[in-house]
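Each remark here refers to the structure printed beneath this line.
The values are calculated or read from the model by the stated rules, or taken from the named source; none is laboratory data. Quick caveat: nothing in here was measured; it's all calculated off a predicted structure. In this analysis, Cβ positions are derived from the backbone assuming ideal geometry, glycine residues included, and neighbour counts consider all displayed protein chains. Just the protein is used for accessible areas: all its heavy atoms, side chains included, with ligands, DNA and RNA removed. Shrake-Rupley method; radii C 1.70, N 1.55, O 1.52, S 1.80 Å.
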2 protein chains.
Amino acid sequence: MKLAFALLILAVSGSALATQRSGTDAVVAYPEGYRNWTHVKSGVIGPAHKSFAISGGFQHIYANAEGTAGYRSRVFPEGSIVAFDWLEMREEAGAFIEGPRRQVDVMVKDSKRFASTGGWGFQRFVKDTREHAAAPTPEQCFACHNNLKKDGLILSNYRP
Amino acid sequence: MKLAFALLILAVSGSALATQRSGTDAVVAYPEGYRNWTHVKSGVIGPAHKSFAISGGFQHIYANAEGTAGYRSRVFPEGSIVAFDWLEMREEAGAFIEGPRRQVDVMVKDSKRFASTGGWGFQRFVKDTREHAAAPTPEQCFACHNNLKKDGLILSNYRP
């Protein structure tokens, strides 16, 4: 009976978590219009990189007005949103040209909604869709950022 | 006497042109704040490219609000400004990382002021300065764009 009760508790907890996850409170919205936000910096994973097959191409980072202020002060205000845009690439005579979108990774600063992940919500969107990627999960995103962090969960710096 | 007169005409014309060039009317201003404009697209000149030594690295294109509207309609309104940002790069384990600025090339749409170069003013600025590059001159910029043009003097397309 004790085991059955514990399992019931787990089932209820799991259900409550699932409800929270699918509710509006804990969901990171697609960053509509981010292509008009400030371009923070870029990088390229080239053909000689060990991760080229799965991650090769352009990486562009964009921030909304609050996020851009945060990049300057390194104190990111509530409402900061950062979009990390992954594009495939093709090579033409030694020049690299942008290709189709792989995914868009988003971070949203909301200390209340995302208290359990350092005040930031995380979400990866598949290609050009509004669909959530199966992996990494928001929890996996947070764990890695939290492990790598130097002065916060935003790992990049603004390139003037 | 005829030769002397012709030389005098040339000298006066040259002087008039020089005055026009250095006056505010025919000068393209540095695009202050362009790093907060819309990021149009990017490319990279990689190490295997024939022009790597002088042009290698990242190329980012930015447009102000008028220019961004122009990229969408391909009819660029008066006041459109496009900044073409050249950065050196360095390679780390197959990843390309942004380096120092090479130059900023600017195009400004003003059909009246720049009537002699297709309605667009051209200017290259040296590295992170407001200094005009010795070459290419605005006339050289125009000649090449005018030769390459397909549907206008702006050669790039917006990458969604």
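A few remarks follow.
- Normalised per residue, the accessible area of chain A is 54 Å², obtained with a 1.4 Å probe and no contribution from ligands, DNA or RNA.
- With contributions of -39500 (n - 2.57) from each DSSP H run of at least four residues, the per-residue ellipticity at 222 nm computed over the protein assembly as shown stands at -8500 deg cm²/dmol.
- Per-residue mean of C-beta atoms belonging to partner chains within 10 Å, peptide B:31-40: 3
- Label point 7 Å beyond Cα along the C-beta direction, distances from A:L155 to other copies (nm, shortest first): 3.6
- Sites excluded, GluC sites (Glu not before Pro) in DSSP loops with at most 13 other C-beta within 10 Å, longest stretch of chain B: B:79-130
- Our coupling estimate for segment A:95-100, obtained by passing each phi through the Karplus curve with A = 6.51, B = -1.76, C = 1.60 and θ = phi - 60°, is 9, 9, 10, 4, x, x Hz, Gly and Pro reported as x.
- Label-point spacing at B:E92 relative to the other copies reads 3.0 nm, in ascending order, each point sitting 7 Å out from Cα along Cα→Cβ.
- Shortest-first distances to equivalent copies, position A:R72, nm, label 7 Å out along Cβ: 2.6
- Residues with amide H under 5 Å from that of A:R102, placed H, sequence gap 5 or more: A:W86, A:L87, A:E88
- Note, ³J(HN,Hα) from phi for segment B:112-121, Karplus 6.51, -1.76, 1.60, rounded to Hz, x at Gly and Pro: 7, 5, 10, 4, 6, 10, x, x, 10, x
- Buried on assembly, segment B:126-160 (at least 10 Å² less accessible surface than by itself, 1.4 Å probe): B:Y158, B:R159, B:P160
- Our coupling estimate for segment A:52-63, obtained by passing each phi through the Karplus curve with A = 6.51, B = -1.76, C = 1.60 and θ = phi - 60°, is 4, 4, 9, 10, x, x, 8, 10, 10, 10, 10, 9 Hz, Gly and Pro reported as x.
- The rotation axis bringing chain B onto chain A passes closest to the chain B residue reported with its distance as B:H39, 2, by C-beta distance in whole Å.
- Chain pair A, B: total accessible area buried, heavy atoms, 1.4 Å probe, Å²: 2200 Å²
- Portion, in percent, of the accessible area of segment B:90-143 that falls on carbon or sulfur, probe 1.4 Å: 54 percent
- Cα long-axis angle, helix A:2-22 against chain A (0 to 90 degrees, to the nearest 10): 40 degrees
- Cα long-axis angle, helix A:138-148 against chain A (0 to 90 degrees, to the nearest 10): 60 degrees
- Residue pairs, from the table B:K50/B:K109; B:K127/B:K149; A:K127/B:K109; A:K109/A:K150; A:K50/B:K149; A:K150/B:K127, whose Cα atoms sit over 28 Å apart: B:K50/B:K109; A:K127/B:K109; A:K50/B:K149; A:K150/B:K127
- Segment A:113-160 shape via C-alpha gyration tensor axes, a/c threshold 1.5: oblate
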